[in-house]
Amino acid sequence: MILEINGFQAEIEFFYGKNEIWIPVPKECCTETGCDYRTEDARYRVTFHRETAPGEWEYRMEFQASYDTRMKLQISLPGQEDCFHVIPCNIYGDNHAGEVRIGEFPLLTEAHPEAAFCSPYWESRADRAAMPLSALCCRKGTVAVSIEPYSEEEGREEGGTVRNGVFAALPDSFGVTLGYTNDPVTFLNRSVPAAATGSRGRMARAAGRIYAVPGEGRGGIHKIVRREYERVHVRPLYEKSFRQAAEAMLEAFCCLNFDPGTGEYTNRKCRPFGDRKLQPWRNVTEIGWTGGAILAYPLVMSRYLLGEDAAKQLSRAMTGEDMLDRIVAGYREESGFFNDLYAPAGKDAGDRLNGWWTYYGLCRDCHCAYTQGSAVYYILKTILFLKERGVSYKESWLEGCRKVLDTAVSLQREDGAFGYTYSAAGKKVLDWEGFAGCWFVPGLVWMTKLTGDMSYAESARKAHDYYRDFVYNLDCYGAPMDTWKAVDQEGNLSFLHGSRLLYEYTGEARFLEDMKRSACYEFLWRYGYPTRPEHPPVRDGWNACGGSVTSVSNPHIHPMGVLADEDLLFLAEVTGDSYYRERALDSVAWMMQTLELYPDRTGYGRYGILSERWCPSDGLVTERYDNGEPYGSWFSYNLWAAANVFEAVLYQMENNS
């Protein structure tokens, strides 16, 4: 059947599942109002409701059968150009199939049929997506279909939940399923395909909507996500205050995370039920991204926001100021960058380049734009924090950042790009491909603010123009060094920061528009509804809403999304649009309720620590109790994850007192 919606002619097909095979519903059972197909032992029905709002149709899908079954609603847009599939958190086009390493995560492609993670068809649980929908963007606009992620099964004494699905299919099809199968495999973890799992039922129903937004290309997906969010959003609940959280986190950093024996901050782990004592498993000595300046900044903040309480705790550990001294002391004249580590991470006492990410094979014996840009950003943010309070700072911090930025600018490509990696032996770009260089942009704007030298802001403008298309095209790839340049969430944070700073610096409307598009890109990774995970500690009472997934390579929520909230609240204030504020407050609530899982729900640790991994669905549930039972997080205390939340908590405490 053909559904005419907002200028699109969408081809609709229905299928039912029997004996693990999709069988088409006969076309004679389909009309413009849906379909109604009956057999001796089953009935499959879909009912459409004409436009309930411009470009929006509601539907209801249901089945009743004497056998376990499921049902599919498939939409195709034949003849459209520049087709680009989107399943939030999972599929963005082909997931950059031409450039990434094959076999690490799902790619929507007909190439490499021998690889488990390469397929022209991908179906997964709907709760794998930050918003339970599947969309097809094209030159004409965007069409999407959503579904309730869960259905209550009827007709059985034991009852139960049917988990529903979303899918994308080449070249131009997409849709939803009542019941699901992870097809062709379950994406459990990068490079780890698992057997397909699924959910079936005998009597179930689900509702959803079909959306069509013409004339905006890929940008139309953002309007659809917003409309769906308004219907399904439920904010997490929490009890403790921001100050309680800040004080507990500072004490945990200084009294538990810091290792007096080595003089370094650490990552820690344990293995309940038998082993609940957190022990160091890696010293954290990287200068940015997952260590270093990202902790130094909130440690410095805490000294002035928590007063005597902070001074007492900081006397027991390395201070943020000491950490920044160590970072800038690692400046290398030959390369023009900081060492990427301020102390060795492995057995080689002379190695200051190869952090934990070297294992993934993209970066060895070189400088990484992500660590460099992140370190500069947080050092300058610390300087500005102190300057606003009339507190002096060390000129060596500013001078170190200036020299790093001078190097980056001297090597900047004519089109505005910065490198992904840089030589440690001389001033040279080794790899241009990726988004990581965008992390230099906010630092450049701040360098102009601190020095008055306009050339830094001009370089920031030039770079921002280059990186803009990545975000607008929903193809923001190549920031973290552990994802093989997958499409990711965290690189966009630098574009969001840069957009805000350039808008504040210039007042130009285009940078405000960039902020909006960057915020909406973040919302393609940020859960807007509660999910129903099966395993502790997130099985009961925890709410995924507000948590952001890392990348298409790492299928779990991580705390880094909270770093967007300060900018989102600013955006809400300057635009008067409460949507951005609501999405920020979801994230604030998410981090606060997740902190409160410790220790009773997590089974280890204490209030004030945090793991980096939270599993809202069936992705990355690889952790196990010592008796083999699955665990929907990680028995870890990850410094960077806690540092990101510490920063966000201190910001909220300062601005909500």
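The values are calculated or read from the model by the stated rules, or taken from the named source; none is laboratory data. None of the values given here were measured: they were computed from a predicted structure. Heads up, the Cβs are rebuilt from the backbone with ideal geometry, glycines too, and the neighbour counts pull from every protein chain shown. Surface accessibility is based on the protein's heavy atoms, side chains included, excluding ligands, DNA and RNA. Shrake-Rupley method; radii C 1.70, N 1.55, O 1.52, S 1.80 Å.
Applying a 10 Å radius around every beta-carbon, put 109-121, 352-364 in order of their mean neighbour count, most first.
The peptides rank, most packed first, as 352-364, 109-121.
For E32, the solvent-accessible surface computed with a 1.4 Å probe is close to 110 Å², ligands and nucleic acids excluded. Helical runs (DSSP H, four residues minimum) scored at -39500 (n - 2.57) apiece and divided by the length of the chain put the mean residue ellipticity at 222 nm at -9500 deg cm²/dmol.
The C-alpha radius of gyration of the range 320-456, expressed as a fraction of 2.2 N^0.38 Å, stands at 1.03. The packing ranking, built from the mean of other Cβ atoms within 10 Å per residue, places the peptides 387-398, 438-449 in the order 438-449, 387-398, highest first.
Can you tell me the alpha carbon radius of gyration of the range 455-536 divided by the globular rule-of-thumb value 2.2 N^0.38 Å?
Dividing the Cα Rg of the range 455-536 by 2.2 N^0.38 Å gives 1.28.
Three principal axis extents of the range 406-465 based on alpha-carbon atoms, in descending order, are 31, 24, 17 Å. Between the helical axis of 509-523 and the longest alpha-carbon principal axis of the chain there is an angle of about 60 degrees.
Partner aspartates and glutamates whose Cα lies under 13 Å from the Cα of K312, excluding those fewer than 8 positions away in the same chain, are identified as E247, E251. Considering only alpha-carbon pairs that sit under 8 angstrom and 6 or more positions apart, the relative contact order computed for the range 345-425 is 34 percent. Which angle from 0 to 90°, rounded to the nearest 10, does the C-alpha axis of helix 440-451 make with the longest principal axis of the chain? Orientation of helix 440-451: about 40 degrees from the principal axis.
Can you bin the range 123-207 into rounded, prolate or oblate? Criterion: square roots of the alpha carbon gyration tensor eigenvalues sorted a ≥ b ≥ c, rounded for a/c under 1.5, prolate for a/b above b/c, oblate for the rest.
Values: a/c = 2.57, a/b = 1.35, b/c = 1.90.
Here the range 123-207 falls in the oblate category.
Each peptide in 477-484, 339-346 receives the mean, over its residues, of other Cβ atoms within 10 Å, and ordering these scores from highest gives 477-484, 339-346.
Pairs of alpha-carbon atoms within less than 8 angstrom and 6+ residues apart define the contacts here; what relative contact order does the chain have, in percent?
Numbers: 1562 pairs, mean separation 87.2, N = 657.
Relative contact order for the chain comes out at 13 percent.
Diffusion coefficient of the range 204-258 by Stokes-Einstein, Kirkwood radius over Cα pairs, 20 °C, 1.002 mPa s: 136 µm²/s.
With a probe of 1.4 Å, find how much accessible area the range 263-325 has per residue, and write the answer as a whole number in Å². Write down the numbers at each step before the final one.
Working: 2260 Å² over 63 residues.
Value for the range 263-325: 36 Å² per residue.
Mind scanning K403/K462; K240/K516; K403/K428; K394/K449; K347/K394; K269/K381 and naming the pairs with a C-alpha gap bigger than 24 Å? Over 24 Å Cα-Cα: K240/K516; K347/K394; K269/K381.
For Y331, what is the net charge nearby, where nearby means another residue's Cβ is under 15 Å from its Cβ and Lys, Arg count +1, Asp, Glu -1? Intermediate values should be presented prior to the final figure.
Values: positive: R326, R332, R352, K394, R402, K403, K427; negative: D325, E333, E334, D340, E395, E399, D406.
After counting each charged neighbour, the total is 0.
For a test of the definition: using alpha carbon positions, the gyration tensor, and the 1.5 limit on a/c, classify the chain as rounded, prolate or oblate. It is prolate, given that a/c is not under 1.5 and a/b is the larger ratio.
Normalised per residue, the accessible area of the range 520-657 is 25 Å², obtained with a 1.4 Å probe and no contribution from ligands, DNA or RNA. Compared with the dominant Cα axis of the chain, that is its longest principal axis, helix 639-655 is turned about 90°.
Apolar share of the accessible surface for the chain: 46 percent from carbon plus sulfur atoms, 1.4 Å probe. Counting only protein heavy atoms and a 1.4 Å probe, the range 1-149 has 41 square angstrom of accessible area per residue. Translational diffusion of the range 212-348, estimated by Stokes-Einstein from the Kirkwood radius over alpha carbon pairs at 10 °C in a medium of 1.306 mPa s, is 86 µm² per second.
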